[in-house]
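Colleague: Let me begin by handing over the structure; questions about it come next.
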């Protein structure tokens with residue numbers, strides 16, 4: 001079993017102490033996001049977890065937990081989201097250079113194959129046009145040369161809650177681009193060239209995009225390449241239609257991330273996330289109990 005930690009929240013940024021306690025106790029509890037009364041138990045022992053996939057925009061606070069993971073013999077890799085957006089889209093993140101240094105430090109420790117760079121999502125707007133992304137991705141890819149060998153990208157997925165947040169940004173007009181639009185094709189061709197020049201392979205997340213390879217964020221083939229194990233390659237039917245991820249158990253809880261990203265699908269409001277974070281008990285078996 002692969003454990004995802006987590007698509008629903010930035011667990012490495014905010015909940016490292018809880019995760020460490022769960023490692024010591026060998027399990028955690030997870031509420032069903034669609035039926036909070038339904039609670040499942042997830043085993044976290046070394047012999048029960050084939051690999052952890054960590055998702056984060058700022059895993060620096062999690063670095064001390066890596067010592068425990070290594071000491072226990074756990075296998076893990078990171079999906080590290082590093083975007084060039086300013087504080088209007090990603091209001092609670094450290095500066096880009098600081099996060100870049102974090103990615104470089106993580107790669108120095110784990111190696112480039114275990115740190116996947118996520119340039120995700122691509123938000124094309126009046127403030128972040130195609131030319132912005134061409135320049136930003138190119139310079140970031142060069143900066144990350146040798147620190148990663150994979151980049152994952154996808155287009156902004158529009159939800160009512162994300163549209164409402166984006167609409168509140170003064171002068172910020174998102175553009176809806178189809179995957180086959182000439183403008184997007186040019187952008188992805190440019191990104192693919194920049195990635196290749198830096199020794200990075202460009203993959204698409206949750207759907208085919210021009211000039212990219214179809215990717216899997218929860219990737220059993222990568223797990224096999226890294227450690228020689230053979231986890232299930234069965235597709236996760238609980239994800240979006242175009243998602244190629246393998247089956248995993250996600251141990252996060254929605255509405256608990258404090259980053260406040262305007263495009264986030266897992267957080268309904270910043271106020272709710274702050275209330276849940278304040279009520280979080282690092283010694284509890286569940287990251288947050290939505291029944292409370």
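Colleague: If only one of 116, 130 is crowded, with 21+ Cβ neighbours inside 10 Å and either touching a helix residue (DSSP H, G or I) at 6+ places or on another chain (Cβ under 9 Å) or in contact (Cβ under 8 Å) with a residue 24 or more places away in the chain (or both), which one is it?
Modeller: When all the criteria are applied, what remains is 116.
Colleague: Something else now. Filter the range 146-193 down to residues that are without any contact (Cβ under 8 Å) to a residue 60 or more places away in the chain, part of a helix (DSSP H, G or I) and over 28 Å from residue 108 (Cβ atoms), then give me how many there are.
Modeller: 11
Colleague: Next question. For the range 195-220, give me each residue that is assigned to a helix (DSSP H, G or I) and more than 18 Å from the chain's Cα centre (by Cα).
Modeller: Answer for the range 195-220, where residues must be assigned to a helix (DSSP H, G or I) and more than 18 Å from the chain's Cα centre (by Cα): 195, 196, 197.
Colleague: Which members of the range 276-291 meet the condition of being exposed (fewer than 13 other Cβ atoms within 10 Å of the Cβ), touching a residue at least 12 places away in the same chain (Cβ under 8 Å) and out of contact with any helix residue (DSSP H, G or I) (no Cβ under 7 Å at 6 or more places or on another chain)?
Modeller: 279, 291
Colleague: Among the residues of the range 156-164, is any modelled with pLDDT of 95 or more and closer than 22 Å to residue 58 by Cβ?
Modeller: The answer is no, given that none of the residues of the range 156-164 is modelled with pLDDT of 95 or more and closer than 22 Å to residue 58 by Cβ.
The rows are residues; the columns are (1) touching a helix residue (DSSP H, G or I) at 6+ places or on another chain (Cβ under 8 Å); (2) exposed (fewer than 14 other Cβ atoms within 10 Å of the Cβ); (3) in contact (Cβ under 8 Å) with a residue 12 or more places away in the chain.
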site: 16; (1), (2), (3): yes, no, yes
site: 20; (1), (2), (3): yes, no, yes
site: 32; (1), (2), (3): no, yes, no
site: 44; (1), (2), (3): yes, no, yes
site: 50; (1), (2), (3): yes, no, yes
site: 61; (1), (2), (3): yes, no, yes
site: 104; (1), (2), (3): no, no, yes
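Colleague: Residues to consider are 284, 271, 278, 246; find the one that is within 19 Å of residue 32 (Cα to Cα) and modelled with pLDDT of 95 or more.
Modeller: Answer to the check: 284.
Colleague: Please give the helices (runs of 4 or more DSSP H) falling wholly within the range 62-145 in which 3 or more residues are in contact with a strand residue (DSSP E or B) (Cβ under 8 Å, 6 or more places away or on another chain). I'd like the intermediate steps shown before the answer.
Modeller: On the way: elements: 63-72, 96-110, 130-143.
Result: 96-110, 130-143.
Colleague: While we're on this one: I'm trying to understand the selection: among the residues of the range 250-292, which are more than 15 Å from the chain's Cα centre (by Cα), within 18 Å of residue 3 (Cβ to Cβ) and not in a loop (DSSP other than H, G, I, E, B)?
Modeller: 286, the sole residue that qualifies.
The values are calculated or read from the model by the stated rules, or taken from the named source; none is laboratory data. Quick caveat, the model's predicted, so the values are computed rather than measured. A quick note on method: Cβ atoms are made from the backbone with ideal geometry, for glycine too, and the neighbour counts reach across all protein chains shown.
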